[in-house]
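Asks: My structure is below; once you've seen it, I'll send some questions.
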Amino acid sequence: MSSVSSLLDSSYTTDTSTTTSSSTTDLGKEAFLQLLLTQLTYQDPLDPMDDQDFVAQLAQFSSLEQLTNISTGITELNENVLENQMFSAVQFIGKTIRASGESIQLEEGEASTIHYTIETDAETVLANVLDEDGNVVRTVDLGGMNAGEYDFVWDGMDSDGNVMDDGVYTVTIMTQDADGNAGVASTEIEGKVTGVESSDGTYYLRVGDVLVAFSNITEIVDEDEVATDEATS
């Protein structure tokens, strides 16, 4: 009986590795059941298979099957999440949104607006514009400001008055209060969603050349409000 049990163990190991390499779950089940039936068929009636060994082998197969089912379930869940993300992303196309972020787009010398919030009164507020390599191309002194919400629109020029190339830039708003404490204002971008892009399994909204993650969206701007702002600007 021990020789049959050894044969089962070695054959099961072989079939399991074969199944793993071929990634076919059904083959693993069929191979196990075939070996189990073979063991039961050829066992010695005078020396039947040990109950503990039998139960242990069944438990081993059950654990393997459960792990396989869990892995399959997670894969299907991830696929459903991605499908839902894509469906949700498409609904934003054509809508104007606001989202936390520091990226602005410069196109034909005109830069998109950056919104920023100063939490406490500041004696000095500086707007730093950085290119895609992280180099500061312009620093604008905005003076002192009270706590509140403000807008900043870069004129598209560097510190020497040269018009910068079109592209995506970063704006950081630095503050300093009366006690000399430095801070960074929170910033938001605003624009119309023109498309959807997938990167590393995650969908992003495209606002011009700027990619916006769903988690960064703070508001869907009313179109009438946008039209009023454009008319008064």
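The values are calculated or read from the model by the stated rules, or taken from the named source; none is laboratory data. Note that the coordinates shown come from a computational prediction; the quantities given were computed from them, not determined experimentally. Methodologically, a virtual Cβ is constructed for each residue, glycine included, from the backbone with ideal geometry; neighbour enumeration extends over all protein chains shown.
Asks: In the stretch 183-204, which residues are in contact with a Gly (Cβ under 8 Å, 6 or more places away or on another chain) and either assigned to a strand (DSSP E or B) or hydrophobic (A, V, I, L, M, F, W, C) (or both)?
Replies: So the first thing to find is which residues in the stretch 183-204 are in contact with a Gly (Cβ under 8 Å, 6 or more places away or on another chain), and the list is 187-189, 191-194.
Hits for the stretch 183-204 are T187, E188, I189, G191, K192, V193.
Asks: Applying the selection to the stretch 145-159, what residues are out of contact with any His (no Cβ under 8 Å at 6 or more places or on another chain), loosely packed, with under 14 Cβ neighbours inside 10 Å and not in a loop (DSSP other than H, G, I, E, B)?
Replies: G148
Asks: Within the stretch 120-137, track down each residue that is outside any strand (DSSP E or B) and under 18 Å from I189 (Cα atoms). Explain how you work it out, then say what you get.
Replies: First, the residues of the stretch 120-137 that are outside any strand (DSSP E or B): 120-121, 131-135.
Listed by number, the residues that qualify are D131, E132.
Asks: Moving on to the next point. Give the residues of the stretch 137-151 that are of a type in the set (S, T, N, Q) and within 17 Å of A178 (Cβ to Cβ), sorted by residue number.
Replies: First, pick out the residues of the stretch 137-151 that are of a type in the set (S, T, N, Q): 139, 146.
Scanning the stretch 137-151 gives a single hit, N146.
Asks: Another question, if that's okay. Could you check the stretch 176-226 and list, in sequence order, the residues that are modelled with pLDDT under 90, more than 16 Å from R98 (Cβ to Cβ) and among the small types (G, A, S)?
Replies: G195, S198, S199, G201
Asks: Taking V125 and the conditions (1) surrounded by fewer than 18 Cβ atoms within 10 Å (Cβ to Cβ); (2) touching a residue at least 40 places away in the same chain (Cβ under 8 Å), which numbered condition does it fall short on, given that it satisfies the others?
Replies: All conditions pass for V125, except number (1).
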